[in-house]
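Chemist: Sharing a structure with you now.
The values are calculated or read from the model by the stated rules, or taken from the named source; none is laboratory data. In this text, all values refer to a predicted model and were calculated from it rather than measured experimentally. As a convention, Cβ positions derive from the backbone with ideal geometry for all residues, glycine included, and neighbour counts pool all protein chains shown.
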C-alpha cells in the first residue's frame, strides 16, 4: 500500500512530458543552465572568469548531485544556496563565481518563466491536434441535418458538422490567445534584490553600459528575444495570471464541448468512445456513462477556479518583493498546466472516437420538423390562393392540438395529418411530405461549416503540420 497522497494529475491524468516539465529535475537542470549563462555573460563583459571555470560548470550541468544539495538544505534551510553549494562541489574551480551578483529569483523566476513557456508550447501542440481531429469530424458531418436547440428546447434545424464548428471556433479563439501570450514571452533577466542591479554595478565598477547589456545577453543565451525592462526582485506576478487565464479559456471551451456531448449521449444521438470491456456502472451493467466527458468537465472546473489564485497573488504583492506568492505558485501554476494537458488528451480521445447515430438523429428531427415547417406550409398554401392571416391562425390551433397529443397522451406528432384534412390549406399529404425534407431547413449550415474550416482552420493546421501526431496520448482510467 502506498502511504502518501499522490496527485492524480501525475498518477492518472497528465502526460509524461508535462509532468516532467514541472519536475524538480527539470527545474534544477534549468538553474544550472542559468548559472552557466550568467557566468558566460559576466566573462564576456570583462569579469575575471575563465573558460576553464565555465567548461567545468558545463560538464556537470545535468548530473546533479541531489544528495549533497538535500543534506546542505537541512543545514542552511535555503534551496538555492544548497544547490549553489552542490554545484560548487562538482565544479570546485568555478565555485567562487557561481551565482555571482545574483539573487535567488535569478534562477527561481527565470526558471518559472521558462517552464511556463515550454508548458504553453506543449499545450499548443495538444490544441493543434484536437483542432485537426475536430475539423475532420465537422467536415464529415457538415451535411447531416440534426435538431438544433436553444435553451435545450427544440429549435430550428442545423447540422451535426455545423454544431461541431462551434466547438472548433472556441478552440481557434483559444489558440489565438495562446499564440499572443507566447509571442510576448520574456525572461526576468538578473535584476538583483530590489530590481536595481546595484550588485552588478558594483561588480563592473559603475559601468552602466555593461550592466545594461546583462539582461539581454542572458535572455539570448537562454533562447529568448526579450526581458522585463523593469522589475522588483521578481517578475510581475501578473504574468502568472495572464498565462493561467489562457489555460482557463481552453478549459472553458472543453467544458462546453463536454457538456454538449453529455447531453447528446443522453439523447442517444452521439456518444463518446466506449471500449469493449469498459464498465459503465458497478450496479447497472447496461449503462454507458460519458466518463471521459465528465472528467473533462471536472478538470475544467478546477482550472477555472484555480485561475483565482494568481489573480489574488498578483494583487497582494508588497513593494519590491514578498514571499507569500511562493507556496501558492508551486501548486496553482503546475496544476493548471497538468489539468489542461489532461483535458486536451481527453478532448482528442473523445473526438477521435465519437459515435454518431443517424437514425436516432433523424427520428428526433422528424418528430419536430412539422412544427418547423409550418412557415413553408403556410407560404405554399398562400400560393394556392389561401389567406395568410387565416392560415396562420389555423396553423396555431393545429399546432397546439398536435403538441397536446404528444405531451399529454404520448402519441406521435399528427400535425401534418391535421393540415392535410383541413380544406383551408388545400394541400395533400403527398405535397406536405415533399416539404418535409430535412436538408431544406438547414439554411447555410453545410456551407458555413465548409467555408469556415477551409478558409480559416485548414491554413492554421497546414502551418502547424509538423505538430500533428497519428495517435493521441492513452487515456488512463
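Chemist: Could you tell me which residue of the range 1-41 is nearest to the chain's Cα centre (by Cα), considering only residues that are under 22 Å from residue 187 (Cα atoms) and outside any helix (DSSP H, G or I)?
Modeler: Here the answer is 22.
Chemist: Sticking with this one: Taking the stated definitions as given, is residue 388 without any contact (Cβ under 8 Å) to a residue 40 or more places away in the chain, exposed (fewer than 12 other Cβ atoms within 10 Å of the Cβ) and farther than 30 Å from residue 164 by Cβ?
Modeler: So residue 388 passes the test.
Chemist: Still on this structure, I have one more. Regarding the range 278-292, can at least one residue be identified that is crowded, with 18+ Cβ neighbours inside 10 Å, closer than 22 Å to residue 472 by Cα, at pLDDT 95 or above and assigned by TED's automatic domain parsing to the domain that holds residue 183?
Modeler: yes
Chemist: On the given criteria, is residue 215 surrounded by fewer than 17 Cβ atoms within 10 Å (Cβ to Cβ), in contact with a strand residue (DSSP E or B) (Cβ under 9 Å, 6 or more places away or on another chain) and either over 29 Å from residue 152 (Cα atoms) or assigned by TED's automatic domain parsing to the domain that holds residue 339 (or both)?
Modeler: So residue 215 does not fit the description; no.
Chemist: Go through the range 443-467 and count every residue that is outside any helix (DSSP H, G or I), at pLDDT 95 or above and farther than 30 Å from residue 125 by Cβ.
Modeler: Selection size over the range 443-467: 1.
Chemist: Ok, one more. Which of (1) touching a residue at least 60 places away in the same chain (Cβ under 8 Å); (2) out of contact with any strand residue (DSSP E or B) (no Cβ under 8 Å at 6 or more places or on another chain) does residue 438 not meet, given it meets every other one?
Modeler: Exception for residue 438: condition (2).
Chemist: With respect to residue 345, is the statement that it is in contact with a strand residue (DSSP E or B) (Cβ under 8 Å, 6 or more places away or on another chain), surrounded by 19 or more Cβ atoms within 10 Å (Cβ to Cβ) and within 30 Å of residue 134 (Cα to Cα) true?
Modeler: No, not satisfied.
Chemist: Which of the residues belonging to the range 303-340 are outside any helix (DSSP H, G or I) and either without any contact (Cβ under 8 Å) to a residue 24 or more places away in the chain or over 22 Å from the mean Cα position of the chain (by Cα) (or both)?
Modeler: 316, 317, 318, 319, 320, 321, 322, 323, 324, 325
Chemist: I'd like to check something: does the range 341-357 contain any residue that is assigned to a helix (DSSP H, G or I) and over 45 Å from the mean Cα position of the chain (by Cα)?
Modeler: No, because not a single residue in the range 341-357 is assigned to a helix (DSSP H, G or I) and over 45 Å from the mean Cα position of the chain (by Cα).
Chemist: Look at residue 44 and say whether it is over 36 Å from the mean Cα position of the chain (by Cα), closer than 21 Å to residue 210 by Cα and surrounded by fewer than 16 Cβ atoms within 10 Å (Cβ to Cβ).
Modeler: Here the answer is yes, as residue 44 does meet what is asked.
Chemist: Regarding residue 70, is this residue surrounded by fewer than 20 Cβ atoms within 10 Å (Cβ to Cβ) and either part of a loop (DSSP other than H, G, I, E, B) or touching a residue at least 24 places away in the same chain (Cβ under 8 Å) (or both)?
Modeler: no
Chemist: Here is a further query. Given 49, 64, which one is within 37 Å of the chain's Cα centre (by Cα), crowded, with 18+ Cβ neighbours inside 10 Å, not assigned by TED's automatic domain parsing to the domain that holds residue 330 and not in a helix (DSSP H, G or I)?
Modeler: So the residue among 49, 64 that is within 37 Å of the chain's Cα centre (by Cα), crowded, with 18+ Cβ neighbours inside 10 Å, not assigned by TED's automatic domain parsing to the domain that holds residue 330 and not in a helix (DSSP H, G or I) is 64.
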